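Asker: Next up is a structure, given as structure tokens.
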Amino acid sequence: IKPESANEVHVQVYREALDSRTHVVDISQKYEPDFDMTAWWFDTDESIVDLCRFLSLSGVRPLFVRAGRVPDNAWLALFKATPNVRELVAIDCTEFYALPDALLHRTSEKNERSASPAYRYALPCLQRLALVGCYFYTHETASEQPRVLVEELLNCFIECHDNGAEIEEFCIRECVNIEEDDIELLEEVVRVVDWDGVLKIDDSVCSDCE
């Protein structure tokens with residue numbers, strides 16, 4: 001999902017296997033999409049839900065989401081349609097606070113071995129989560145809860161690990177308003193934290209991140 005302007009969300013689908021390790025480069029310059037759709041931001045929820053109904057996305061392994069803002073329902077719609085995703089890459093997101101909750105969303109399934117139902121996470125096969133150019137704190141969270149996103153990510157990693165759905169690697173590239181203390185906390189709960197060491201502060205949205 002890639003934004004063309006502040007009011008649009010651009011969705012591209014590729015049948016060809018993408019090289020996820022080159023996700024910092026604009027994917028559209030390297031690969032030719034098999035499906036292309038543009039939606040206005042206020043239709044994003046409905047558009048993505050319809051997209052997931054229209055396309056068979058169960059075979060998707062790496063999932064790239066590039067958008068300034070991703071609505072809550074859009075995360076869940078994408079995850080429900082792509083249950084076999086092993087790598088999730090979020091790019092240029094300034095508002096993605098619903099992501100940890102969406103990753104922890106569980107549905108109950110009939111358990112043939114027990115009377116109690118079995119629970120399945122939205123992305124049960126997820127092994128690698130990558131954030132590229134994303135904002136960890138914005139003006140909406142820095143003043144009241146400057147560490148809310150890191151705390152929610154920590155809880156997400158811990159819960160997934162404790163319930164047999166460990167996310168083994170967390171990659172952080174060119175992200176904004178993240179501190180070394182945050183990285184140290186993440187390294188305590190994630191098997192591999194791959195951070196580029198960039199400390200990029202945007203004072204216009206985060207006066208406390210210094």
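Nothing in this text is a laboratory measurement; each read-out follows from the coordinates by a stated rule. In this text the structure is predicted, and so the values were computed from the model without any measurement. Counting neighbours? That spans all protein chains shown, and the Cβs are built from the backbone with ideal geometry, glycine included.
Asker: Amide H of TRP195 versus every other amide H placed in the peptide plane: which residues, excluding those fewer than 5 positions away on the same chain, fall under 5 Å?
Answerer: Correct list: ILE172.
Asker: Right, something else. Work out how much length GLN127 to TYR97 would gain on full extension: take 0.36 nm times their residue separation and subtract the Cα-Cα distance, in nm to one decimal.
Answerer: Values: separation 30, 0.36 × 30 = 10.80 nm, distance 1.99 nm.
Full-extension gain reported as 8.8 nm.
Asker: Within 10 Å, count the other beta carbons around each residue, average over each peptide in 190-196, 77-83, and list them highest first.
Answerer: 77-83, 190-196
Asker: Sorted by average packing, counted as other Cβ atoms within 10 angstrom per residue and highest first, what order do 122-134, 55-67 take?
Answerer: My ranking of the peptides, most packed first, is 122-134, 55-67.
Asker: How much FRET efficiency would the formula 1/(1 + (r/R0)^6) give for ALA118 and GLU187, where r is the Cβ-Cβ distance and R0 is 30 Å, rounded to 0.05? Intermediate values should be presented prior to the final figure.
Answerer: Values: r = 31 Å, r/R0 = 1.05.
The pair ALA118/GLU187 has a calculated efficiency of 0.45.
Asker: Could you work out how far apart the two model spin labels at GLU32 and SER108 are, taking each label as a point 7 Å from the Cα in the direction of the beta carbon, and quote it in nm?
Answerer: 4.9
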